[in-house]
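This report concerns only the one structure given below.
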Amino acid sequence: MSESTQSLLLAPAGLYLPLVVALVLSVARQPCDPETGDRTKLVELFLIGIACQCLHVIEEFTTGFHLLFSPLFGLAPISAELFVGFNAFWLGIWAIAAFGILRKSRIAYFPVWFFGLAMCLNGIAHPLLSVWQSGYFPGLVTSPVVGIMGLMITRNLIQSTEQARR
């Protein structure tokens, strides 16, 4: 395994917790009522969130996030190819999940929960990294936008699953 691949697996370890929490939430909570407009509203919000994440990834890439983040933890920089591939993979999973929700697939909620939680974390992590580095850290400008989108999506998921329980 190359150092760059090792960094890609270890550096974003902070995303493993929201991944596990998303899995638990997607199993434990019933999705929104398929007969209401909740799914459509969620998908619209989710697609806007994905678009915001695309802008965030562009900012991260063009400002060198893949080169600067993992060395903060004593790891090798992540290659541009791995960084783009990793992000393209997740963007693809999230796009498929949007279609899955429209088609009433329960499993599609797992990537949506993960997206919401991970974007909340993104909105917190980039400003903290900037404080830690005493200046701009790649991804800072768009991180509040993806953080807010994460909160909105997570809130929508919580509200819609609460409505389905009633």
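Answer yes or no as to whether LEU42 is in contact with a Cys (Cβ under 9 Å, 6 or more places away or on another chain), over 24 Å from VAL141 (Cα atoms), modelled with pLDDT under 95 and surrounded by 21 or more Cβ atoms within 10 Å (Cβ to Cβ). Yes: the conditions hold for LEU42. For beta carbons closer than 8 Å, sequence separation of 6+ or different chains, a first residue in the stretch 39-55 that is more than 21 Å from GLY85 (Cβ to Cβ) and a second that is of a type outside the set (A, V, I, L, M, F, W, C) and surrounded by fewer than 19 Cβ atoms within 10 Å (Cβ to Cβ), the qualifying pairs are ARG39/LYS104. Taking residues in the stretch 125-153 that are over 18 Å from ILE48 (Cβ atoms) and in contact (Cβ under 8 Å) with a residue 24 or more places away in the chain, and partners anywhere that are among the polar types (S, T, N, Q) and part of a loop (DSSP other than H, G, I, E, B), the pairs with Cβ atoms closer than 6 Å and at least 6 places apart or on different chains are PRO138/THR63.
Considering the stretch 133-160, and only residues there that are among the β-branched types (Val, Ile, Thr) and farther than 18 Å from TRP113 by Cα, the residue that is surrounded by the most Cβ atoms within 10 Å (Cβ to Cβ) turns out to be THR142.
Among the residues of the stretch 61-85, which ones are exposed (fewer than 13 other Cβ atoms within 10 Å of the Cβ) and under 14 Å from GLN133 (Cα atoms)? Result: LEU72, PHE73.
Do we find that SER130 is touching a Pro at 6+ places or on another chain (Cβ under 8 Å), over 21 Å from LEU23 (Cα atoms) and of a type outside the set (A, V, I, L, M, F, W, C) in this structure? Spelling it out, it is not the case that SER130 is touching a Pro at 6+ places or on another chain (Cβ under 8 Å), over 21 Å from LEU23 (Cα atoms) and of a type outside the set (A, V, I, L, M, F, W, C). Taking residues in the stretch 82-110 that are closer than 19 Å to THR161 by Cα, and partners anywhere that are among the hydroxyl-bearing types (Ser, Thr, Tyr), the pairs with Cβ atoms closer than 8 Å and at least 6 places apart or on different chains are ALA97/TYR109; ILE101/TYR109; LEU102/THR40; ARG106/SER26; ILE107/SER26; TYR109/SER26; PHE110/SER26.
Does VAL145 satisfy being modelled with pLDDT of 95 or more, under 16 Å from the mean Cα position of the chain (by Cα) and over 28 Å from LEU25 (Cβ atoms)? So that I can check it myself, show each step before the final result.
Numbers: modelled with pLDDT of 95 or more: yes; under 16 Å from the mean Cα position of the chain (by Cα): yes; over 28 Å from LEU25 (Cβ atoms): no.
It is false that VAL145 is modelled with pLDDT of 95 or more, under 16 Å from the mean Cα position of the chain (by Cα) and over 28 Å from LEU25 (Cβ atoms).
Going by the conditions given, is ALA98 at negative phi and more than 12 Å from the chain's Cα centre (by Cα)?
Values: at negative phi: yes; more than 12 Å from the chain's Cα centre (by Cα): yes.
Spelling it out, ALA98 is indeed at negative phi and more than 12 Å from the chain's Cα centre (by Cα).
Pairs are defined by a Cβ separation below 8 Å, a sequence spacing of at least 6 or placement on different chains, a first member in the stretch 61-75 that is within 18 Å of VAL141 (Cα to Cα), and a second member that is assigned to a helix (DSSP H, G or I) and at pLDDT below 90; the pairs so defined are PHE69/ALA11.
The values are calculated or read from the model by the stated rules, or taken from the named source; none is laboratory data. It should be emphasised that the depicted structure is a prediction, and the values quoted were computed from it without experimental measurement. We place every Cβ from the backbone using ideal geometry, glycine too, and count neighbours over all the protein chains shown.
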